[in-house]
Amino acid sequence: MKKAVKKEKEKDVVACRKSCKAKGTGLSHYILMDRKAKKS
Amino acid sequence: MISPIPPPAGHAAPSRGRLAGTGNGPAFSVIDIGHPRYMAVIEPDTAFWVLVRREKLAETLHGDRLLKAYRRKSRQFAEEIHHLRFGLKPSAVYFNPTGRCNLNCTYCYIPEDVRRGGPHMSPEKLIQALGLLKAYFRTTLAKDELPQIVFHGAEPLLNREAVWAGIARYRHDFRFGIQTNATLLDDAAIEFLRAHDVSIGISLDAAAPAVADRTRRTWEGHGVYGQVVEALERLKGYPAWSVIATLSTENLRHLNPLVDFLHGHEVPTCLINILRCTLPRSREVKPDDVQAAKYFIRALQRTHELYRASGRKLIVGNFANILLAIAAPTARVLMCDISPCGGGRCFFAVAPDGDMFPCSEFIGLDRFRGGNLFRDDIPAVLETEPFKLVTGRKVEDIVPCNRCAIRHFCGSPCPAEAHEMNGSMHCTGAFCEFYEEQVRFAFRLIADGQLDDYLWDGWDRGMRETFRM
């Protein structure tokens, strides 16, 4: 089903920042896909 | 030695920092992001940013609200950026099990003589190497964190026997991935990789053979498009795979059909990387900065159109990483667009003879060999001069990055390219406007409330919000 597109209500100032434990490991030649591979 | 955390504005001098732009006040930069209603205000050192309606800019810049918000968060954000830049430890290795490749791609960063006749690592040596790496990562990572090994190339599947032996032996000790040109990715290979939860990356530059085969060919000059597409078909439904396209003069104008093609083949994630100009041959297909940005952003917009029409996303991972650098810096995955880059500090590369380099991009540049996995102590190799040259490359030492507002969203990649093409670690790499335009586009998306549309579903699961205005 098509997901509704979220849209911020237009404000004078917009800012958001989130944080988590940093794990940056990759170079741009490759991206390790996190999702567990399905067994078929 | 790790650089001390620089004091954020407001703490460095005997100034109250009452106003932006002087004394201890924050050095806000105002950036035209090309949005009809919003401008960006950025404090570069902390990567603090807000988007402000154009007509409210002067009032916001010099009013209390923004200054108070900045003062409240500046130390926390400075520490966060400092940790990302200087506090991480290695957690991944790009492992070349062979020097050889069955292709002769225009932009490869591995020298031709190595790709024609370089060594294979034996299964015994590869198992020994992974054992050494396992022991090393026990000293750097928490018990619940698995290090990553990415078999990379040259073409790793030319040495399938050794790669399979390593994966089978250490499947519970590492998260494995493989980047392959897909020409040897037959049913048996896919079955093995799926059974061992190995993440698979394959290379394809265009949706049409006439374009894709311009840059990716065998030594005899034959294209391999057909073989790659067969592999794509086989991988459909596997969640842990991605496609890498290298953006060059040869496919620049064909990115939108590529996006359609990848989306149609249910590719979950792709990278559309601008080529690296480390070796002279690749510079023959170097695209113009402005043109590259134009077509790349069109391709990003096309992914969004497809998402709106189908409800299914094709994530462009390298752009998603720029978005994360802005919206959640600690969540960034790729470490090329941060300074110092991840080479030699978050990951390193191992060549088929065990030689260690800060990054795959340096394999072939003997000056950057830091030591050998079988003979030297890994922590000592990370402290060698070749590694320090890379891990010590900072935007603060590069003109014009040292005065650029987006220096912590771009990171001035790439050190190998800067050194080989422009002559010094204190130069920029081959591209600048390409990154400027991506950051502007990223801010426009945020202004329009489309951030989530360009990131993986659930990208912020487990994160905490640290700032909102």
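The values are calculated or read from the model by the stated rules, or taken from the named source; none is laboratory data. Bear in mind that the values here come from a model prediction, so they are computed numbers and not experimental data. Neighbour counts are summed over all protein chains in view; Cβ atoms, including those assigned to glycine, are modelled from backbone coordinates with ideal geometry.
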**Request:** Check region B:73-87 and report whether any residue there is in a strand (DSSP E or B) and of a type in the set (Ser, Thr, Tyr).
**Result:** no
**Prompt:** B:Thr183 is checked against (1) under 25 Å from B:Phe137 (Cα atoms); (2) part of a loop (DSSP other than H, G, I, E, B); (3) among the β-branched types (Val, Ile, Thr) and fails just one. What number does that condition carry?
**Reply:** (1)
**Asked** Do we find that B:Val243 is part of a loop (DSSP other than H, G, I, E, B) and within 14 Å of chain A (Cβ to nearest Cβ) in this structure?
**Response** no
**Message:** Of everything in region B:164-185, what is in contact with a strand residue (DSSP E or B) (Cβ under 9 Å, 6 or more places away or on another chain) and closer than 26 Å to B:Tyr225 by Cα? Give them in sequence order.
**Reply:** B:Phe176, B:Gly177, B:Ile178, B:Gln179, B:Thr180, B:Asn181, B:Ala182, B:Thr183, B:Leu185
**Asked** Any idea which of B:Arg138, B:Arg72 is without any contact (Cβ under 8 Å) to a residue 12 or more places away in the chain, under 30 Å from B:Met469 (Cβ atoms) and either more than 26 Å from the chain's Cα centre (by Cα) or surrounded by fewer than 21 Cβ atoms within 10 Å (Cβ to Cβ) (or both)?
**Response** B:Arg72
**Prompt:** Has region B:360-367 got at least one residue that is more than 14 Å from every other protein chain (Cβ to nearest Cβ) and part of a helix (DSSP H, G or I)?
**Reply:** yes
**Message:** Checking B:Val41 against (1) assigned to a loop (DSSP other than H, G, I, E, B); (2) crowded, with 17+ Cβ neighbours inside 10 Å; (3) among the β-branched types (Val, Ile, Thr): exactly one of these is not met. Which one?
**Reply:** (1)
**Prompt:** Is there any pair with a first residue in region B:223-237 that is at positive phi and a second that is of a type in the set (Gly, Ala, Ser) and loosely packed, with under 15 Cβ neighbours inside 10 Å whose Cβ atoms are under 8 Å apart and which are 6 or more apart or on different chains, and what are they?
**Reply:** B:Gly237/A:Ser40
**Request:** Can you tell me which residue among B:Glu145, B:Glu220, B:Glu161 is charged (D, E, K, R), surrounded by fewer than 21 Cβ atoms within 10 Å (Cβ to Cβ), farther than 22 Å from B:Ile110 by Cβ and out of contact with any strand residue (DSSP E or B) (no Cβ under 8 Å at 6 or more places or on another chain)?
**Result:** B:Glu145
**Asked** Taking region B:362-389, which residues are surrounded by 19 or more Cβ atoms within 10 Å (Cβ to Cβ) and small (Gly, Ala, Ser)?
**Response** B:Gly364, B:Gly370, B:Gly371
**Request:** Report yes if some residue within region B:287-299 is free of Cβ contacts under 8 Å to residues at least 60 places away in the same chain, part of a helix (DSSP H, G or I) and among the acidic types (Asp, Glu); otherwise report no.
**Result:** no
**Message:** Quick test of your reading of the structure: B:Arg54 fulfils all but one of (1) within 11 Å of chain A (Cβ to nearest Cβ); (2) crowded, with 21+ Cβ neighbours inside 10 Å; (3) charged (D, E, K, R). Name the failing condition by number.
**Reply:** (2)
**Asked** Restricting attention to region B:445-469, which residues are crowded, with 19+ Cβ neighbours inside 10 Å and under 21 Å from B:Leu66 (Cα atoms)?
**Response** B:Ile446, B:Ala447
**Request:** Considering each residue of region B:298-316, count those that are at the interface with another protein chain (Cβ under 7 Å from one of its Cβ atoms) and crowded, with 23+ Cβ neighbours inside 10 Å, and give that number.
**Result:** 0
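Conditions (1) modelled with pLDDT of 95 or more; (2) in contact with a Leu (Cβ under 9 Å, 6 or more places away or on another chain), marked per residue:
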| position | (1), (2) |
| --- | --- |
| B:Ser248 | yes, yes |
| B:Pro257 | yes, no |
| B:Leu262 | yes, yes |
| B:Val267 | no, yes |
